[in-house]
1. How crowded by other chains is A:85-96, given as the mean number of beta carbons from other chains within 10 Å of each beta carbon?
2. Using a 1.4 angstrom probe on the protein heavy atoms only, line up B:336, B:507 by accessible area, largest first.
3. Scan region B:537-630 for chymotrypsin sites (Phe, Trp or Tyr not before Pro) in coil per DSSP, keeping those whose Cβ has at most 15 other Cβ atoms within 10 Å, and list them by number.
4. Just counting partner chain Cβ atoms within 10 Å, what average do the residues of peptide B:212-225 show around their Cβ?
5. What trypsin sites (Lys or Arg not before Pro) in region B:543-633 are in a loop by DSSP, with at most 10 other Cβ atoms within 10 Å of the Cβ?
6. Beta carbons within 10 angstrom, averaged per residue: use that to sort the peptides B:185-192, B:390-397, highest first.
7. Buried accessible area for the A:B pair, summed, 1.4 Å probe, in Å² rounded to 100?
8. Of the peptides B:80-92, B:345-357, how do they stack up when ordered by the mean number of other Cβ atoms within 10 Å, highest first?
Amino acid sequence: ETPPVDGRRGGALPSVCPQHTDMPEEMRVETMELCVTACEKFATNNESAAKMIKESMDKKFGSSWHVVIGEGFGFEVTHEVKNLLYMFFGGSLAVCVWKCS
Amino acid sequence: MRKASTVQKVAPPGPKSNKNKKKDEEEAVDAGGGRVSYGKALIKPPDQLELTEAELKEEITRTLTANNPHAPQNIVHYSFKERSFKVTSAVDQLAVLFEMEGNLVHIDSDEGRRLRAKEILANEPATVNTGAEADEEELALPEEGGREVDEVGEEDRPDSVASKTGMKEQKATNQFNFCERASQTLNNPPREISCQTEPPPRSVFGATVSQWEIYDAYVMELQKQEKNKEKQKAPTLRKDVDKSRNKTMLTETANDDITKVRKGAKILERMVHQNTFDDIAQDFKYFEDGSDEFRGQEGTLLPLWKFQYDKAKGLSVTALCWNKKYPDLFAVGMGSYDFNYQGRGMLVFYSLKNSAFPERIYPTDSGVMCLDIHEQHSYLTAVGFYDGCVAVYNLKREGSEPVYKSTVKTGKHTDPVWQVCWQNNDMDDRHNFCSVSSDGRVVSWALVKNELVFTDIIRRSLAGPESAQQRGILACGTSLDFHKQIDYLFLVGTGEGKIHKCSKTYSSKYLETYDAHSRAVDAIKWNHFHPKVFISCSSDWTIKIWDHTINTPMFTFDLKVPVGDVAWAPYSSTIFAAVTTDGKVHVFDLNINKYEEICKQAVVVKKKTELTHIEFNPIYPLLIVGDDRGNVISLKLSPNLRKKPKAKRGQDPPQRTEVEVAKMEKLLSLLREPEESLPA
């Protein structure tokens, strides 16, 4: 439903939309780019994409990150302050990344 | 084959036999060689035994036995049992011709078994086969018995080899080359230290993911982006404003960085200063001039810190004042006494803790002529300027502007302000101070919110009868001092040398007038203890001490040089100090010497430097002296200058003041009696 409409607009719809985040600016930008890269790379396999994101985040920002990628789920998580990103990608995918050790 | 078997019966075998041998050899040579042919006749040696033919043919039998010819044939030994010598019949006939000790061990003997066991052990480590073989050889060697040195040597080798090969058996180290020594170092006891960090803060977040939610979010995002694009087209001024705001933010943050460090930097600066001038600080605190005991009554002044400020170099010190609350802080007013060269001025605060740089600097447009620090609110400083303005500075506030300043509208003086003095809060509980100026007015200023409200206390132009002569006399006031206890009573010194005693309540008349000096009165100070005594100094070279009830001075001191300033000591009613234009400080103690100073000391290095002001520190035995080059010099008073009456134990300060008052009174009474006795 939604993708054809977007296609007609000629890609005016942003492919990435941060729904909720409390990360600092540079961290947010970096994380979003990473998520986009991972999702594009593993377009068919959410698990590998999540794995890639999680491992990169662990390396860059410290241990115990958690990543969930999917199209339909609900969640309630406890996260360390200033370490949560919840964004949408590609019109149908939601990515939730948070840190909690 | 020996030819000669001529055995003699008794002849000594030695030399004869040798000779016989010689003979044989000669004959043998003959036989063998064949070259030299001697006759075959028998040559008789000259000492041969002469025997008869019959004796020569006699046959002698010899038998060969197995007896040892070297063995003794009759051994006699002493028997203790029988207490006699006994002959041993059987004698050992064994003669050992050759002895060699071998290193072969019987395989079944103890030794052999032991060695075999060792062999097995040596063979087990595979890497040291050669070592093991060497071991076998080495091990075989100690089987020799008897020779200690060799034993030792060989046991060494097995030891070292064993250690190299790492044999497990315990080597019996010999006591000669090895000894055990052990020691234990002192170890610090272990201590447990534990720490718990705070975990990073956490919060909870939840949401649902579904296709319609995602769609809605995207649509909203799109709308936001469109709005942003519109905003971007909006005038760029906003951006500049933002940028400038950002800049100020940056500078503020930069300042914040410095201000964060400011306190620490200040403390560091003081520490460095104290280290640099450590000897001065030590002198200030502890040094007592020991030579005072030998000097009789006189004392000395020890120069301590010198306070200079670069930007104030051309200015002279026009005012000095100690802060009552912080006894290490004092204010210096800078300006110029020269009528022709009037420029800017400065108000500078110094602390004794840092003589290199002032604590506060307030540049002013006009020269500062006088200043006073409030007694209770020591952050308020009243300042009088050369252009007639007065101002109040609040040290608590940032910025270099005064909080209050008088202007033409608010009744500033028209001539330089020569003295300001804080008063107690007036009836409306406002802070107020008084100022005196050459325009003849004594004005009281009250601090009301943002302004200074003035009230003329004395308008000198109106005072007195209006005769031209007297008007001429009624001119500028050059000094001012308020009584310590009596609030409304004050003294004004004039430019003609008169001193007027006035009251705040009487604005048009003076209570009394003293013909004090022939020139302008530079300073008037009430005594800290005695309520009736005040001192005045003038450029007519004199210092005079007065009792305000009597018209003539009690004491007069002629210093032969114009006197710049005079000050009472806060710890004694009879000690005061004065500075003169020839760069000297004079300290007087009336208790000790009524006619001369007890200390006269030049404190400036350069000639022609005039000293302009002097002040005693309220607590420490310290003087500060200002000169006309903008320098302030601090001096420590030696013990002779600080003589106080001996305090009895447990004497309270009020009692001390009474003692001081009594001291002064005694001096005055000596002078008064003759006066009273004079016929009126």
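The values are calculated or read from the model by the stated rules, or taken from the named source; none is laboratory data. No experiment lies behind these values; they were computed from the predicted model shown. Because the Cβ atoms are built from the backbone with ideal geometry, glycine has one as well, and the counts that use them run over all protein chains shown. We work out accessible area using only protein heavy atoms, side chains counted, and drop any ligands, DNA or RNA first. Shrake-Rupley method; radii C 1.70, N 1.55, O 1.52, S 1.80 Å.
1. Across A:85-96, the average partner-chain Cβ count within 10 Å equals 3.
2. B:507, B:336
3. B:595
4. Counting other chains' Cβ atoms within 10 Å and averaging over B:212-225 gives 5.
5. For trypsin sites (Lys or Arg not before Pro) across region B:543-633 that sit outside H, G, I, E and B with at most 10 neighbouring Cβ atoms in 10 Å, the list reads B:560, B:606, B:607, B:608.
6. By packing density, highest mean first, the sequence is B:390-397, B:185-192.
7. 2400 Å²
8. Most protected by this proxy first, the peptides run B:345-357, B:80-92.
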